[in-house]
1. Taking every eigenvalue of the Cα gyration tensor of region 252-292, multiplying by 5 and rooting it, what semi-axes result, largest first, whole Å?
2. When a/c reaches 1.5 or more, the comparison of a/b and b/c decides; with that in mind, is region 45-180 rounded, prolate or oblate per its Cα gyration tensor?
3. Translational diffusion coefficient, Stokes-Einstein: compute it for region 10-121 using the Kirkwood radius over C-alpha pairs as Rh, at 4 °C and 1.567 mPa s, and state it as an integer in µm² s⁻¹.
4. Please work out, to two decimal places, the log10 of the ratio I(q)/I(0) at q = 0.08, 0.09, 0.12 Å⁻¹ from a Debye calculation in which every Cα of the chain carries one identical scatterer.
5. Would you calculate, for the chain, the mean residue ellipticity at 222 nm contributed by helices, counting each DSSP H stretch of 4 or more residues as -39,500 (n - 2.57) and dividing by all residues, to the nearest 500?
6. How big is the convex hull of the Cα atoms of region 190-266, per residue, in Å³?
7. Percent relative contact order of the chain, based on C-alpha pairs within less than 8 angstrom and at least six residues apart?
8. By the gyration tensor of its Cα atoms, with a ≥ b ≥ c the square roots of the eigenvalues, what is the shape of region 99-240: rounded for a/c under 1.5, prolate for a/b over b/c, or oblate?
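Quick note: the coordinates plus some simple rules give every number you see, no bench work behind them. Everything numeric in this text was worked out from a predicted model, so none of it was measured.
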Amino acid sequence: MKNILLHLRIPFSVFLLPIFLFALSQAGLSGDGATSRALWAFVLIHFFLYPASNAYNSYYDKDEGSIGMLETPPPVSFGLLATAWVLDLVAITTAIWVGLGTPFVLYLIIYGAISKAYSHPAIRLKKYPLGSWLIVGLFQGAFTYLATVQVISQAEILSLFSIKNLLPALICTSNLWAVYPLTQVYQHEEDARRGDLTYSRLVGVEGTFLNAAVFFILSFLGFLYYFLHFGERSSLIALALCMGPVLGYFGYWWRLVRRNADAANFRRTMRMNVLAGLGLNLFFGLLYFYSI
């Protein structure tokens with residue numbers, strides 16, 4: 001049981017929480033039942049959907065080296081695979097039972113299917129570097145952002161295809177396109193042993209950091225346009241204060257890696273993830289409370 005709980009990597013959900021908080025800050029909690037829907041969506045995404053995905057991927061990857069939040073992964077068992085399916089089914093059933101609506105139920109089903117295709121040997125999207133990078137960014141980012149906005153506000157599907165909704169969704173994806181390869185940068189040896197050519201392996205260590213820099217810049221430009229046209233300019237000050245330390249550490253880490261590639265290791269990657277998660281969570285939390 002302990003091994004299963006470790007492989008769920010529930011604390012890792014904190015790194016994806018900014019997407020939910022960003023959507024919450026923009027959707028608001030006005031209207032009947034919005035608070036209840038937001039709470040249910042939060043629980044189902046972060047305590048069922050994401051852990052199910054982590055468990056499923058861990059079962060088929062059978063990592064021996066470090067993975068997200070686990071420096072020394074314990075052995076996997078069939079119970080881990082069964083747990084992944086149970087969590088997915090509970091999430092879908094609960095969403096139907098509490099009335100979160102068909103779009104959100106479909107989101108849970110589609111996300112679950114994509115996450116399974118990521119590691120299952122019959123498909124294994126992970127072995128396609130560009131495809132997996134694009135898909136992870138789109139589904140963990142834009143797709144999750146739009147699904148969260150929709151379930152909280154009960155918005156019509158067509159209304160989601162507006163610049164006010166699509167731009168922040170794409171900003172979420174851009175952030176993930178920056179960070180996701182960084183989470184692979186210390187796994188090159190193990191991925192090579194399994195025959196997985198991940199995006200980070202494809203572009204190399206230096207290319208991984210350059211990719212992150214490019215998409216961090218694109219994310220900032222997206223924030224700049226969005227808050228100047230749809231929000232408050234003061235939000236940009238808060239963004240700079242919250243994310244300044246993150247970008248500072250990224251630059252420092254990149255410099256270390258250029259001197260010694262061994263600096264692209266598990267602990268520094270997790271430190272980057274923690275800083276980015278805390279910075280974005282703080283920013284979007286402030287954005288939500290400021291908008292109340």
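1. On the way: eigenvalues 199, 17, 3 Å².
Result for region 252-292: semi-axes of 32, 9, 4 Å.
2. On the way: a/c = 2.32, a/b = 1.39, b/c = 1.66.
Oblate, since a/c reaches 1.5 and b/c is not below a/b.
3. Details: Rh = 15.0 Å.
It comes out at roughly 86 µm²/s.
4. Cα-only, vacuum Debye calculation for the chain: -0.33, -0.42, -0.77.
5. Working: 13 runs with 209 residues, N = 292.
Here the helix-only value at 222 nm equals -24000 deg cm²/dmol.
6. Details: hull volume 8.1 nm³, N = 77.
Once divided by residue count, the hull of region 190-266 is 105 Å³.
7. 24
8. Details: a/c = 3.26, a/b = 1.29, b/c = 2.52.
The shape class here is oblate.
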